[in-house]
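Here's the structure, in structure tokens; my notes come after.
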Amino acid sequence: MDIKQWFLKYYWVVNLLFLALIAWFLASAVNGITARKLAPGVAQAKPATVSPRRAELDYRPDSNRIVSRDLFRSAPAAWEIALTRPVDEDTAVTETNLRVQLVFITYLAPSHPANRATIKNLRDQKTGLYAAGAPLVEDGTIMEIEVDRVLIARSNGRIEELTLKKTEDKPRPARATAARPRAAGYSREELTERITRLSESEFLVDRTALNQVLENLDQFVSEAGLRPVYSGYGDERALSGFMLRMKRGSMVEALGLNQGDVLKSINGGQLNVSSMVPLLESLREQSNFTLDIERNDEPMQLRYRVQ
């Protein structure tokens with residue numbers, strides 16, 4: 001008997017098995033549907049069990065702990081909380097009688113934590129950088145730093161102000177050595193004649209011109225229009241330099257600096273809010289110094305020779 005005859009002889013057996021398999025699937029489906037319809041509570045009677053892995057996936061964080069730890073910095077910052085009573089138009093503010101001089105102000109926004117005031121103590125001729133809430137001299141405390149003045153809270157409750165105006169009633173102590181020429185300001189036209197451009201990045205500066213600028217740092221910084229530039233995000237955010245937004249025809253242009261340049265360092269010293277004044281004042285005794293800048297996103301160094 002060949003294969004074809006054998007297959008034709010037992011073909012009915014194959015059909016029977018196929019029909020039986022279909023009937024079994026249909027019976028199972030009908031049985032399941034009937035059980036869910038007639039006895040819905042049976043499936044709920046079985047106690048539910050949750051695997052440890054499922055428990056981890058169903059974890060819900062405690063929102064109160066997130067708020068208390070201020071993970072997203074939504075709570076008011078310390079600098080937003082008033083240190084003393086607010087100053088309004090009705091608050092009496094008088095000029096301070098402390099022996100201090102306001103050199104210049106780094107101002108970003110009202111009550112901003114990066115606002116800084118550079119103040120010189122006329123008793124010891126030392127210059128320091130102050131933020132809101134920092135103690136000054138004697139019984140004074142920095143209350144607020146504004147665009148053109150600093151408010152000082154005294155221990156007796158009085159509020160005084162320190163402005164950028166020159167304080168003529170607080171002269172420097174006399175020195176044994178010959179005093180350097182001091183002026184209420186400098187003339188850009190006069191100083192420009194004492195600065196010679198040797199090349200695109202090299203300059204020859206007369207020492208008298210440099211000293212005049214350093215004696216009037218508040219005017220120089222005001223004309224430079226320094227604006228802080230930050231890099232990075234979150235906890236990695238850091239000050240990377242100061243962008244120049246200088247006035248047209250200012251002394252800063254005579255030094256070869258352009259509008260939009262980012263000042264990175266002075267004579268190799270990294271520039272930040274606290275180091276700006278010491279780095280500038282250190283140029284008094286220098287015969288050569290450099291300014292590292294970033295121009296059109298490209299690093300550049302300006303070199304100066306003082307004579």
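The values are calculated or read from the model by the stated rules, or taken from the named source; none is laboratory data. Here the structure is a predicted model, which is why all the values come from computation and not from measurement. With ideal geometry, Cβ positions are generated from the backbone for all residues, glycine too; neighbour counts draw on all protein chains shown.
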The residue that is surrounded by the most Cβ atoms within 10 Å (Cβ to Cβ), considering only those in region 245-283 that are of a type in the set (D, E, K, R) and at pLDDT below 85, is Glu253
Of the residues in region 271-307, those that are in contact (Cβ under 8 Å) with a residue 40 or more places away in the chain and basic (Lys, Arg) come to Arg284, Arg303, Arg305
Of the candidates Ser155, Ser111, the one satisfying the condition of being of a type in the set (Ser, Thr, Tyr), modelled with pLDDT under 90 and more than 22 Å from Asn272 (Cβ to Cβ) is Ser155
Of the residues in region 129-145, those that are over 22 Å from Leu280 (Cα atoms) and among the small types (Gly, Ala, Ser) come to Ala132, Gly133, Ala134, Gly140
Across region 252-288, the tally of residues that are more than 19 Å from the chain's Cα centre (by Cα), within 16 Å of Ala224 (Cβ to Cβ) and of a type outside the set (Val, Ile, Thr) stands at 11
Review point. Among the residues of region 125-136, is there at least one that is touching a residue at least 40 places away in the same chain (Cβ under 8 Å), touching a strand residue (DSSP E or B) at 6+ places or on another chain (Cβ under 9 Å), among the aliphatic types (A, V, I, L, M) and not in a loop (DSSP other than H, G, I, E, B)?
Key: yes
Taking region 277-292 and the residues there that are part of a strand (DSSP E or B) and among the hydrophobic types (A, V, I, L, M, F, W, C), the one that is nearest to Gln212 (Cα to Cα) would be Phe289
Just one listed residue, out of Glu215, Glu236, is among the charged types (D, E, K, R), surrounded by 13 or more Cβ atoms within 10 Å (Cβ to Cβ) and modelled with pLDDT under 90, and it is Glu215
